[in-house]
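Have a look at the structure below before the remarks.
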Amino acid sequence: MSRLSTCFLAAITLMAGFTAQAQEFLPKVKCGAAKRHTAARTTTASPAEEDYDVKYVKLNLAVSNTSTHISGDVTTNAKVTATSLSAYVFELNPVLTIDSVLVNGVNRSVTSSAAIRTVSLPTALPHDTMFTVQVFYNGSPVSGTISSDPTGLNCIASPSWGNRVTFTLSESYKAYEWWPCKQALKDKIDSADIWLTVPDTLKAGSNGKLMAITTIDSNHLRYEWKERKPIDYYLISLAVGNYIDYSTYMHFSGGTDSMLLQNYIYNNSATLPYFRNVIDSTGMMVDFFSNLFGRYPFWKEKYGHAMAPLGGGMEHQTMTTMGFFSSPIVAHELGHQWFGDHVTCATWQDIFNNEGFASYSEYLFIDRFNNHTAALRDMRDRQDNVKSLPGGAVYVDDTTMENRIFDSRLSYDKGACLLHMLRFVIGNDSTFFHTFRDYQSQLHDSTGTIADFKAVTQSLVGATAGSMNIDTFFNQWAYKEGYPIYDVKWNQFGSDVYIQLDQSTSMPSSISLFKTPMEIKLHSASGDTVINIYNNQNSQLYRITWARPMLSMVIDPNYWLLYELHSMVKDTALNVGQVSKLKLSISPNPTSSYWTVDGLPEDALVTLADISGRVVYEQKTTTATLRVTADKLVPGVYVLKVVSGSDVATYKLVKGN
């Protein structure tokens with residue numbers, strides 16, 4: 001789903017010449033408008049649903065665009081995974097009436113407890129047995145409205161164009177609102193047929209390939225769609241409206257293969273011309289992402305869009321439901337075809353594997369087809385959104401509320417920032433995008449977790465990428481909360497530049513130190529230089545040789561990192577005259593009791609002063625190791641000074657509580 005809380009505004013900026021009328025000002029939500037303010041859950045609605053594995057479904061339904069009324073039957077082929085199966089349990093909206101249920105062709109009674117429907121079997125089916133269930137039902141689910149979030153099945157008129165559409169939005173647990181199903185992420189359905197009977201003035205879009213349009217009677221047609229790639233329950237969709245079929249073909253670079261781009265656009269004289277340029281760029285995007293992520297996974301079927309009145313888009317497999325067209329939203333939903341559809345998050349805790357990658361696809365599109373300055377602005381805006389609050393992790397620790405799962409700040413923007421930082425840490429685009437392709441090839445047609453993506457990354461780069469440990473990177477950026485905050489000092493003496501980084505964090509209760517590589521740009525009137533450092537201490541002093549007279553500095557000039565700069569000053573007292581050859585080790589730092597100083601020369605003078613300059617400790621050395629007591633000191637910052645002949649070194653020490 002597209003992230004409309006921040007991306008919506010970016011889309012308006014990039015849609016030059018577009019008016020507000022065409023942008024469907026519905027609630028500003030993520031990829032579709034179904035993901036907010038409702039209770040989610042952590043498992044299937046009933047444990048009994050885990051006793052079977054869904055292999056195939058066929059939806060044979062009658063729908064129109066005048067109401068949410070739906071009728072027909074759904075056939076499910078499944079295999080028993082438990083030791084035995086004595087009852088078939090599924091989910092279906094309690095406002096829908098079940099007319100009958102056939103199990104292996106035999107009529108069976110059904111009992112209901114809210115949305116949980118149970119069909120008792122005459123004889124328990126043993127492990128590995130295949131069975132077929134056909135549910136006949138009808139009813140009119142409650143639709144969402146323009147001013148509220150859409151539900152599983154909606155019938156809404158577009159406020160921009162007037163067209164009324166019946167459409168589905170099933171993520172995360174709303175598929176049951178319109179068809180009898182098992183809602184379990186890890187149980188991907190191997191294949192599906194979606195047959196939709198509609199009035200002959202309408203078209204019905206869905207997943208996979210349109211195999212036939214069959215005349216049912218003088219007033220009705222049946223659109224017969226076939227999806228032969230595995231699909232998760234929430235990605236099965238329908239969109240019924242008065243559409244035109246705007247279809248073209250795109251060609252993959254480096255070969256002769258082509259693919260259908262099939263778009264169901266509102267049948268208004270102005271709608272297609274209004275969006276045509278963006279729609280026509282879809283093939284270019286498919287080819288671009290295919291080169292980065294691997295060949296578009298459903299290329300033997302199609303890719304396309306079906307319009308519906310919602311404030312964004314929803315990545316229904318092979319046919320995104322789209323409220324309006326802007327390049328970033330098209331790129332986001334297309335990115336989902338790899339990350340969310342081909343490989344789906346294994347749990348809602350790992351929604352980063354869907355939304356973080358799709359959000360980064362927006363950045364990649366802007367960088368390639370707009371310009372790098374616009375891409376940096378996009379990334380800076382994402383970073384600023386993450387920093388609008390101090391806490392929150394990419395990994396979702398509470399899946400009971402959908403507004404946490406689909407948090408624009410965390411799952412979308414912080415997820416994109418994570419990938420952007422990983423790209424910097426790896427330092428090689430070929431290797432970085434290799435991780436995307438390997439993740440796709442290793443977990444294709446199934447589900448994945450953040451841990452799975454980390455494992456793929458480690459298999460390519462090893463335990464470390466440059467100076468960064470991969471375990472540390474994922475632990476602090478995926479599972480911990482917050483971001484680093486820096487106070488920076490710098491000074492120059494001759495050809496020596498001194499830079500001191502003091503790092504705190506926005507959520508010290510979660511993590512007290514972020515370890516990260518960093519670029520620093522040194523600026524002078526005669527030119528600039530970018531250096532690379534590694535920050536792995538809360539207080540760290542760096543010495544760089546640079547002969548040009550330094551005027552200023554910029555940390556992270558290319559917006560790779562997620563951090564807050566609290567202060568940056570030139571400190572003329574920083575390491576004045578103290579170009580030291582001493583190699584000392586001080587630990588622990590911070591401390592509550594004492595510091596141990598190792599590597600001291602004999603007969604050196606060691607002093608400890610508070611920040612006012614008052615000396616609180618002084619000692620001449622007789623051995624290489626000295627213990628400096630701190631238990632009676634007031635908590636705060638102290639400066640340790642070591643003088644050995646003409647050699648002087650200073651160190652910042654911290655006394656904790």
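Values in this text are rule-based calculations from the coordinates and carry no lab data. Keep in mind that what you see is a predicted model, and the values were worked out from it rather than measured. Glycine gets a Cβ as well: all are built from the backbone with ideal geometry, and neighbour counts include every protein chain shown.
Values for this structure:
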{"quantity": "Cα long-axis angle, helix 271-280 against the chain (0 to 90 degrees, to the nearest 10)", "calculated": "50"}
{"quantity": "Most to least packed among 64-76, 412-424 [average Cβ atoms within 10 Å]", "calculated": "412-424, 64-76"}
{"quantity": "Charge dipole (the chain, unit charges on Cβ, about Cα centre) - positive-most of THR76, CYS155, LEU565", "calculated": "LEU565"}
{"quantity": "Distance between the stretch 583-657 and the stretch 58-137 - C-alpha centres, whole angstrom", "calculated": "75"}
{"quantity": "Which of PHE293, GLN183, THR66, positive extreme of dipole for the stretch 7-338 (C-beta unit charges)", "calculated": "PHE293"}
{"quantity": "Label assignment, Rg and Dmax of the Cα atoms in Å derived from the structure, set [x] 30.7, 110; [y] 30.1, 105; [z] 27.1, 92", "calculated": "[y]"}
{"quantity": "Dipole-positive endmost among HIS434, LEU376, VAL396 within the stretch 340-488 (Cβ charges, Cα centre)", "calculated": "LEU376"}
{"quantity": "Estimated dipole of the chain in Debye, rounded to 20 [Cβ of Lys and Arg +1, of Asp and Glu -1, Cα centre]", "calculated": "820"}
{"quantity": "Cα-based helix-to-principal-axis angle, 352-369 vs the chain, degrees rounded to 10", "calculated": "80"}
{"quantity": "Gain on full stretching of the segment that runs from SER585 to ASP598 - 0.36 nm per residue minus C-alpha separation", "calculated": "4.2 nm"}
{"quantity": "Gain on full stretching of the segment that runs from SER495 to ASP571 - 0.36 nm per residue minus C-alpha separation", "calculated": "25.7 nm"}
{"quantity": "Part-to-part distance (alpha-carbon centres) for the stretch 188-213 and the stretch 233-310, which is given in Å", "calculated": "16"}
{"quantity": "Pairwise FRET efficiency - SER509 versus LYS79, Cβ, R0 = 35 Å, nearest 0.05", "calculated": "0.15"}
{"quantity": "Surrounding net charge for GLN349, when Lys and Arg each add one and Asp and Glu each subtract one, Cβ distance under 11 Å", "calculated": "-2"}
{"quantity": "Dipole magnitude (debye, nearest 20) for the stretch 348-479, charges at Cβ of Lys, Arg, Asp, Glu", "calculated": "400"}
{"quantity": "Label-point gap, in nm, between SER147 and ASN536 - each point 7 angstrom along Cα→Cβ", "calculated": "5.8"}
{"quantity": "FRET efficiency estimate (nearest 0.05) - Cβ-Cβ, GLU50 to ARG228, R0 35 angstrom", "calculated": "0.85"}
{"quantity": "Loop trypsin sites (Lys or Arg not before Pro), the stretch 544-635 (other Cβ atoms within 10 Å of the site Cβ: 11 or fewer; DSSP)", "calculated": "LYS581, LYS583, ARG614, LYS632"}
{"quantity": "The chain: angle of helix 415-426 to the longest principal axis, Cα-based, in degrees nearest 10", "calculated": "50"}
{"quantity": "Residue order, fewest to most surrounding Cβ atoms within 10 angstrom, among ASP445, ASP51, ASP378", "calculated": "ASP445, ASP51, ASP378"}
{"quantity": "Most to least packed among 334-345, 144-155 [average Cβ atoms within 10 Å]", "calculated": "334-345, 144-155"}
{"quantity": "The stretch 333-393-the stretch 496-524 distance, computed between alpha-carbon centres (Å)", "calculated": "24"}
{"quantity": "Total formal charge among the other residues, if their Cβ is under 10 angstrom from that of LEU185, Lys/Arg +1 and Asp/Glu -1", "calculated": "-1"}
{"quantity": "Gain upon complete extension [SER112, THR248; 0.36 nm per residue less C-alpha separation]", "calculated": "44.3 nm"}
{"quantity": "Efficiency of FRET from Cβ geometry, THR472 and ASP367, R₀ 25 Å, rounded to 0.05", "calculated": "0.40"}
{"quantity": "Cross-link table LYS186/LYS480; LYS480/LYS641; LYS174/LYS302; LYS515/LYS583; LYS515/LYS570; LYS182/LYS226, entries beyond 27 Å C-alpha to C-alpha", "calculated": "LYS480/LYS641"}
